[in-house]
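The values are calculated or read from the model by the stated rules, or taken from the named source; none is laboratory data. The structure presented is a predicted model; accordingly, all values stated were derived computationally and were not measured. Virtual Cβ from ideal backbone geometry, glycine too; neighbours counted across all protein chains shown.
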Amino acid sequence: MLNAEFVDAYYQRGESCLEDGKVEAAISDFTRALTLDSKYAPPYSGLGMAYLQQGDMEHAAANFDEALAINPTHSLKTEAAEAYVTRGREYFKAGDLDSAIEDLSRAIEIAPQDAGAFFSRAVAYNSIGILEQAIADYNAGIEIDSESIEPYFERATIYAATAVRHYTIHRLSNAELIARAHVLWVWVDIESGRPLRIPPGFLDDFKDNIVD
């Protein structure tokens, strides 16, 4: 017979329900445990896992945050990062890039060795034209996971789509140097917003003004 005052009993039963695929029952037990002791981290983690299984990233992330605030263990960090990465990718698909970057940044903060979070945030930064940060995230992700091929390709695409132009402005009367300018050009597809390779014809036309 379950002792209603024994917080860990509810938590343990919730874990058993979760292992058996009884997610709603698990949520009920984890919630009951927290009504008895709101400072006990494991039920928050259990709720995070239960909501993660249901695809409810909003509640999963919130409960993982609560668990981490009480007991920032490595296992919880891995689970919490997964929730934020998943929700961040969903925001990206919905076109909410600011929220996507916010969630992916939170995932990186929680689990800085999560290469997938860096790669996903790189894609988001690339989509809004913050290319230096996108490259930095690809570099960070590749340092963690050098086996994935796609990040190398995506990074190369950004490199191929950008070029720095160097300009000088001189006074006509005496050729005195007035100013120097460095401009980063980025070629993008108007419809998709994704970077494109710089057209060869453009490079030929302006080759005399391009400094490597």
Worksheet item: What about Asp98, is it under 30 Å from Asp37 (Cβ atoms), outside the structural domain of Pro43 (by TED's automatic domain parsing) and at pLDDT 90 or above?
Response: no
Item to complete: Answer yes if at least one residue in the range 159-177 is crowded, with 16+ Cβ neighbours inside 10 Å, in a helix (DSSP H, G or I) and at pLDDT 80 or above, and no otherwise.
Response: no
Practice prompt. List every residue pair whose Cβ atoms lie under 6 Å apart, where the two residues are 6 or more positions apart in sequence or sit on different chains, the first residue falls within the range 67-89 and is surrounded by 20 or more Cβ atoms within 10 Å (Cβ to Cβ), and the second residue, located anywhere, is not in a helix (DSSP H, G or I).
Written response: Lys77/Ala111; Ala81/Ala111; Ala81/Asp114
Discussion item. Whether any residue in the range 20-43 is touching a residue at least 12 places away in the same chain (Cβ under 8 Å) and under 16 Å from Arg87 (Cβ atoms) is what I want to check.
Written reply: no
Worksheet item: Within the range 107-123, how many residues turn out to be touching a residue at least 40 places away in the same chain (Cβ under 8 Å) and within 8 Å of the chain's Cα centre (by Cα)?
Response: 0
Worksheet item: So which residues in the range 5-36 are at pLDDT below 90 and not in a helix (DSSP H, G or I), if there are any at all?
Response: Glu5, Phe6
Response to the item:
Looking across the range 41-66 at residues that are buried (at least 23 other Cβ atoms within 10 Å of the Cβ) and among the small types (Gly, Ala, Ser), the single one that is nearest to Ser105 (Cα to Cα) is Ala61
